[in-house]
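Here the structure is laid out as structure tokens; the discussion comes afterwards.
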Amino acid sequence: MRRIPASFLRALEPSRSQRTCGRTAQGPRRRGTSGLLALALVTLAGLLVPAGGAAAAQAPASITNATTGLSDATSLAPVAACEPSTAFRATCLAQILGVRGTKALVHPRLRRPSSIYRFTRPRPRHGHTSTPAVAAAAAPQPGTPAYLQQAYDLAYLSQNAGAGQAIAIVDAYDDPNAESDLAAYRSEFGLPPCTSANGCFAKYDQTGGTNYPTTVDSGWELEISLDLDAVSALCPNCKIDLIEANTDGTSDLAAAQLEAGMLAPSVITDSWDVALSGREARNFPTTGDYTFPGITTVAASGDSGYPGAFTNDFPAALPGVTAAGGTTLQPDSTSGVQNVRGFTESAWSGTGSGCNLGASKPSYQTDTGCTGRSYSDVSADGDPDTGMQVYDTEDGGWVVVGGTSESSPLIAAYYAIVGSASQGPAWAYSNASLLNDPTSGSNGTCLATISYICNAGPGYDGPTGIGSISGAVVSGAPGIAGPGANGSYTQTVTSGSAELQGAVYPNGADTTYWWEYGTTSAYGQTTTPNDIGSGTAAVPVSDSLGGLSPGATYHYRLVAQNSVGTEYGYDYTFTTPASTLSSPGPSNQNPPTTTTQSPPTTTTQSPPATTGSGGSGTSGTTPVSAPGMSGVRIGAAATSATVSATIATGGAATTYTLQYGTTRSLGKAFSSSQSSQGTATARWTLRNLSPGKTYYFRVVASNAGGNSTGAVIGFRTSPVTITRAYTSGNVLDVVLRCHGSATCRVRLQGRSGTRVLLSSQAAIGGNHTSTITLRPSKTFQTLATRHRNATLLVLSTWNGWTATVSATV
């Protein structure tokens, strides 16, 4: 039976003060009749949704389909594993992927995992043999160790580094299955055993003993599984210490943090946070020690987007802590964006960020908009839609989990394997040029002076920090980048030849690459080795395979070698078309070219177009280039959305069109034209949309020089509408309606202009109307009652997308 997440059951059960939290030594978790009804609904859902491991209908390639077998990503929604934080209780930041409405958990389809061990010691560069030194292996599934290692150029370091490094994980409550679940995860992916018997794994209570907490909370148990698995994915050679606090109270977690410091690990990871403002935020640094000399502490930055100008997520907001931001990590085949890295990374809309004015500006930060401590510092995958495959007994085995609870342990493991575990957040800033730099995505709306705290861009920004993790910071064996936007390294194939294209990281040593290919996975043939130098960034490589047989299937892989080692890429195939010649034998006639599936077109160049410089018939001409497109943005409310883009006209009259619809096929369109040269800002407003619904759009621009077609982008309208917002004495009553069957979790902000004067959180049951009572500041009350220039904003982060509705108070 698929188990409903704890966070959903909590909404149906009595309040914390009325029930027994978790599963205690005296017996299992108690569930009321509402909980039993919910489980009955989930059982029914299991008959309607493909079960874990079941085959699904064919669907466009996507992370969702590759991981779960479900063709429609919009049918899924992440659910917070733990209850929201309070002033004295932390929340874990694990987000588990479930089926929208029913909350039935999504169980990934596991296939035979790809080996992470793709390296050998150096051998003579021209000593290639027909027998591969490393066996062929299929490309890895998203969310697996091999996939993450390739995406972040960490395959060599993960295989060879980390011995002697210890990572301490601080969480709340007990996970009695921690060691056995960890064993199941590592066995599935071919990672070395990490057990208490071999000294790799140790579990402690908050005082360093073995009197583990008596309460087992299913949300925190999932959190522990995620932390253990994420650390293992990038640092399988690291020792792991798990410290369990008695409760999720900040005093107990502070005690566990202190114990973690006394164990003297290399890194501590905290996948939890407390959202605080005012006096509680100022007092948090006095509640315990969160950093220790010679030890890096990494803390998740939060899963509710930008918290507002006066709220910060702790301990991530402390200056000495490395704040972990979350990204959306996609292969190019899913994003449709061609990238030399083979992966597209952007700011996840749910990741936290902020400007902590209660702390002095750290010396390692140079951003000028925030005069205090800016965060995040460094980032890694955190979007639940692109999350990890995690093993957790309490959730029925394999599940898909994300959140900044994923990014924090990934970054902790990264610090350990790159040898910078004792250097804290400053290290990332000193190596910024070698990190990945996500430049798109947003997690909310900030003041104009600190817009970078909410919006990703070149260089430092709040959602992704100074950059995302990358193995390029360490000289070592080469790395092989991911496949292109068509899901392979193949560009074109004819009956006798094939064009291949990929990328290789030299990682600081003179590197040579070649391709191995043949009609079996033993290959048997190689291309001529090519030297690409000793840089650090990924270098594009391309070659032609000739003399192929018509109508044959070929296996191939990219191989790279330097003085440190040799990496063997994953196995891919292509099939040559049958010859179109009427008879066999040599011929100078070339058969028609067959092109494999390509990514969405970015620019289509027409034959060179010109404009006359002296009127019709004159000889002077100016070439016209295809239009360019940048800065595509979407702002969604409940029943409307605004799309904008910057169009470079290319020196000619340009038409730009917004195509949109409720599926990726789109179907509707608005068109506008721009006759002047230079750049134009295109804006469209979509109206009469449905609350809580998924829509898709793309922008297309065209002129005489060609077309520029943007990627298809999905967005979701807010599932919440404001029925009424009014002041009554010293309180503000807000009537909110949640559309759809899923619970709506929202953040409320009271603003005057760009000033945030009120911040709170709420949850509204699906298809229900709730009145939220707030106690605003005197300033906000004055603005609302006298001047009528106070605005209430309700921000919803729903399945990874942020939408906002507002009302004048």
Consider region 395-414. How many of its residues are small (Gly, Ala, Ser) and part of a helix (DSSP H, G or I)? 5
Just wondering, is there one or more residues in region 264-279 that are open to solvent by 20 Å² or more (accessible area, probe 1.4 Å), touching a residue at least 60 places away in the same chain (Cβ under 8 Å) and of a type in the set (Lys, Arg)? no
Only one of (1) surrounded by fewer than 16 Cβ atoms within 10 Å (Cβ to Cβ); (2) modelled with pLDDT of 65 or more fails for Gly614. Which number is that? (2)
If you go through Ala281, Ala275, the only one that is outside any strand (DSSP E or B) and not polar (S, T, N, Q) is Ala281
Conditions (1) at pLDDT below 90; (2) under 22 Å from Phe119 (Cα atoms); (3) surrounded by fewer than 16 Cβ atoms within 10 Å (Cβ to Cβ) -> Ser544 fails only (2)
Sort out which residues of region 717-748 are under 14 Å from His768 (Cβ atoms) and basic (Lys, Arg), and write them in order of number. Arg737, Arg745
Here are some residues: Arg698, Arg716. Which one is basic (Lys, Arg), in contact (Cβ under 8 Å) with a residue 12 or more places away in the chain and out of contact with any helix residue (DSSP H, G or I) (no Cβ under 9 Å at 6 or more places or on another chain)? Arg698
With the checklist (1) farther than 23 Å from Ser379 by Cα; (2) open to solvent by less than 10 Å² (accessible area, probe 1.4 Å); (3) at pLDDT 95 or above in hand, flag the one item Ala233 doesn't pass. (1)
Are any of the residues in region 712-726 surrounded by fewer than 22 Cβ atoms within 10 Å (Cβ to Cβ) and assigned to a loop (DSSP other than H, G, I, E, B)? yes
Could we say that Tyr415 is within 26 Å of Gln141 (Cβ to Cβ), touching a Pro at 6+ places or on another chain (Cβ under 8 Å) and buried (at least 21 other Cβ atoms within 10 Å of the Cβ) here? no
Just to be sure before I move on: is Leu795 modelled with pLDDT under 75 and within 35 Å of the chain's Cα centre (by Cα) in the structure I sent? yes
Out of Arg373, Arg341, report the one residue that is basic (Lys, Arg) and farther than 21 Å from Ala309 by Cα. Arg341
Is there any pair with a first residue in region 612-638 that is within 15 Å of Thr654 (Cα to Cα) and a second that is in a loop (DSSP other than H, G, I, E, B) and modelled with pLDDT under 60 whose Cβ atoms are under 8 Å apart and which are 6 or more apart or on different chains, and what are they? Pro623/Pro608; Val624/Pro608; Ala626/Ser606
Report, ordered by the first and then the second residue, all pairs with beta carbons closer than 6 Å, sequence separation of six or more or different chains, a first member in region 147-168 that is in contact (Cβ under 8 Å) with a residue 24 or more places away in the chain and at positive phi, and a second member that is assigned to a loop (DSSP other than H, G, I, E, B) and surrounded by 24 or more Cβ atoms within 10 Å (Cβ to Cβ). Asp153/Ser470; Gly162/Cys235; Gly162/Cys238
Has region 548-563 got at least one residue that is open to solvent by 40 Å² or more (accessible area, probe 1.4 Å), closer than 24 Å to Asp510 by Cα and in contact with a Pro (Cβ under 7 Å, 6 or more places away or on another chain)? yes
Select from region 280-297 the residues that are open to solvent by 30 Å² or more (accessible area, probe 1.4 Å) and out of contact with any Gly (no Cβ under 6 Å at 6 or more places or on another chain) and write down the one among them that is farthest from Phe88 (Cα to Cα). Gly294
Please work out which one of (1) out of contact with any strand residue (DSSP E or B) (no Cβ under 6 Å at 6 or more places or on another chain); (2) within 30 Å of Gly546 (Cα to Cα); (3) open to solvent by less than 80 Å² (accessible area, probe 1.4 Å); (4) modelled with pLDDT under 80 is the condition Thr603 fails and give its number. (1)
Of Tyr513, Tyr517, Tyr523, the only residue that is in a loop (DSSP other than H, G, I, E, B) and open to solvent by less than 40 Å² (accessible area, probe 1.4 Å) is Tyr523
Considering each of Pro483, Pro478 in turn, give the residue that is out of contact with any Leu (no Cβ under 9 Å at 6 or more places or on another chain) and either modelled with pLDDT of 95 or more or open to solvent by less than 10 Å² (accessible area, probe 1.4 Å) (or both). Pro478
Looking at (1) more than 24 Å from the chain's Cα centre (by Cα); (2) farther than 22 Å from Glu83 by Cα, which is the one condition that is false for Ala256? (2)
I'd like the full set of residues that are open to solvent by 20 Å² or more (accessible area, probe 1.4 Å) and either on the phi < 0 side of the Ramachandran plot or free of Cβ contacts under 8 Å to residues at least 24 places away in the same chain (or both), limited to region 428-445. Tyr429, Ser430, Asn431, Ala432, Ser433, Leu434, Asn436, Asp437, Thr439, Ser440, Ser442, Thr445
Among the residues of region 446-467, which ones are in a strand (DSSP E or B) and surrounded by fewer than 24 Cβ atoms within 10 Å (Cβ to Cβ)? Asn455
Taking Val337 as the residue in question, decide whether it is more than 17 Å from Gly465 (Cα to Cα) and of a type in the set (A, V, I, L, M). yes
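The values are calculated or read from the model by the stated rules, or taken from the named source; none is laboratory data. Keep in mind it's a predicted model, so treat the numbers as computed, not measured. We place every Cβ from the backbone using ideal geometry, glycine too, and count neighbours over all the protein chains shown. Remember, those area values only see protein heavy atoms, side chains included, never the ligands or the DNA or RNA. Shrake-Rupley method; radii C 1.70, N 1.55, O 1.52, S 1.80 Å.
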